[in-house]
Amino acid sequence: MEQINAKNSKINSNIFRELSSLIGLIVLCTILAIISPAFLSVTNILNVLVQVAVISVIAAGSTFVILTGGIDLSVGSILGLCGVMTAAVLKSTGNPLLAVLTGVLLGAFLGLVNGVVISIGKVPAFVTTLGMMSVARGIAFIYTRGRPISGFPDGFRYIGSGYIGDIPFPVIEAIIIFLIAAYVLKKTPFGRYVYAIGSNEVATKLSGIKTNKYKIMVYVISGLLSGFAAIMFIGRINSGHPLAGDGYELDAIAAVVIGGTSLSGGKGTVFGTLIGALIMGVIRNGLNLLNVDAFWQGVVLGVVIVVAVLIDQRSKKTATI
């Protein structure tokens, strides 16, 4: 009975977090629509969705990591390196499928390295992924000598800039990834283990679950989705640049936290992350429409992130009372 009550409490907590984020998004959109009528134009809404697509895919992977109580600071640099290598393979072979496989598998491999060092080597996730952030970015610069690789065939570019009807293809890709991620977290044993590790790793390990295995897997997922996001990104801008994805790790973490996932792990959903990514995209777009200086945009987003973390901390204290 206690286990059932705990499970129901966790479900209700996740629903509350999602609804809170969704209400925040609706209120934000309403305010911006009143201040700037251009905000609700179809063109602008589609523009927001396209801009959010890449970050949301990365953030979906980061959700798995943060749900276990970990952190991945390397996702932006992994995107940059995967984008460069994907572009290089595409230019040298002319084979889009081989290029896509290169980007996705390289991302998964880099995530595997992170996971093994963290789980087997017992190096803190912050330190490990910070190191990978520098390594991946450095390799990207060494390989390209700081020069972008550009000029891709239309078939490849469709991944990042195509349309199905009036809907941008990157938006459809992001939705599919979130649906798959939601299914994995809610309907599979792996998903249950991810939540269990974040809630109490010691107890989970004592129950016979191989926690190291699943912690490695979440970093592989994070790296793999960063690699796929790289393919979307270079397809949209028609260039693989070693600086691509700079700062995206912070945007991804912010989307996860704003969406209601706890930084200590165990609580949150990928749909909450999707809402968090939309909130960030809407804020940036609204500030641009209002001609707010780019430097002040960073200040505003920083305040939003801090407030989201404060709310998370407050909710945890309330829950323990």
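Pairs of alpha-carbon atoms within less than 8 angstrom and 6+ residues apart define the contacts here; what relative contact order does the chain have, in percent? Once divided by the residue count of the chain, the mean separation gives 34 percent. Residue 150 contributes about 60 Å² of solvent-accessible surface, heavy atoms of the protein only, 1.4 Å probe. For the chain, the solvent-accessible area of protein heavy atoms averages 47 Å² per residue (probe radius 1.4 Å; ligands and nucleic acids excluded).
Probe radius 1.4 Å, ligands and nucleic acids ignored: give me the carbon and sulfur share of the accessible area of the chain as a rounded percent. Accessible surface attributable to carbon and sulfur in the chain totals 70 percent. FRET efficiency for the residue 166 to residue 200 pair, using the beta carbon distance and R₀ = 56 Å, is estimated at 0.75.
Centroid-to-centroid, using Cα positions, the range 258-304 and the range 81-138 are 26 Å apart.
Using 0.36 nm per residue and subtracting the Cα-Cα separation, the extra length available between residue 288 and residue 175 on full extension is 38.2 nm. Given a 1.4 Å probe and the protein chains as shown, residue 157 ends up with an accessible area of around 70 Å².
Sorted on the mean count of surrounding Cβ atoms within 10 Å across their residues, most packed first, peptides 140-146, 95-101 read 95-101, 140-146. This structure gives Rg/Rh (Cα atoms, Kirkwood Rh), computed directly, and of (i) 0.95; (ii) 1.02; (iii) 0.97 that value is listed as (iii).
Once the Cβ-Cβ distance between residue 34 and residue 309 is put in as r, and R0 is 22 Å, what FRET efficiency do you end up with, to the nearest 0.05?
On the way: r = 28 Å, r/R0 = 1.29.
The formula returns an efficiency of 0.20 here.
Using a probe of 1.4 Å on the protein chains alone, the accessible area found for residue 280 is around 10 Å².
Let me know the shape class of the range 182-247, please: from the alpha-carbon gyration tensor, a ≥ b ≥ c as square roots of the eigenvalues, rounded when a/c is under 1.5, otherwise prolate if a/b is greater than b/c, or oblate. Please list the in-between numbers first.
On the way: a/c = 4.03, a/b = 2.68, b/c = 1.51.
Prolate, since a/c reaches 1.5 and a/b exceeds b/c.
Using the Karplus relation 6.51 cos²θ - 1.76 cosθ + 1.60 with θ = phi - 60°, the per-residue 3J(HN,Hα) values for the range 82-89 come to 5, x, 5, 5, 4, 4, 5, 5 Hz, with x marking Gly and Pro.
The values are calculated or read from the model by the stated rules, or taken from the named source; none is laboratory data. As the structure is a computational prediction, the values presented were derived from the model and not from experiment. Glycine also receives a Cβ, built like all others from the backbone with ideal geometry; neighbour counts cover every protein chain displayed. Quick note on the areas: whole protein, heavy atoms, side chains included, nothing else; ligands and nucleic acids left out. Shrake-Rupley method; radii C 1.70, N 1.55, O 1.52, S 1.80 Å.
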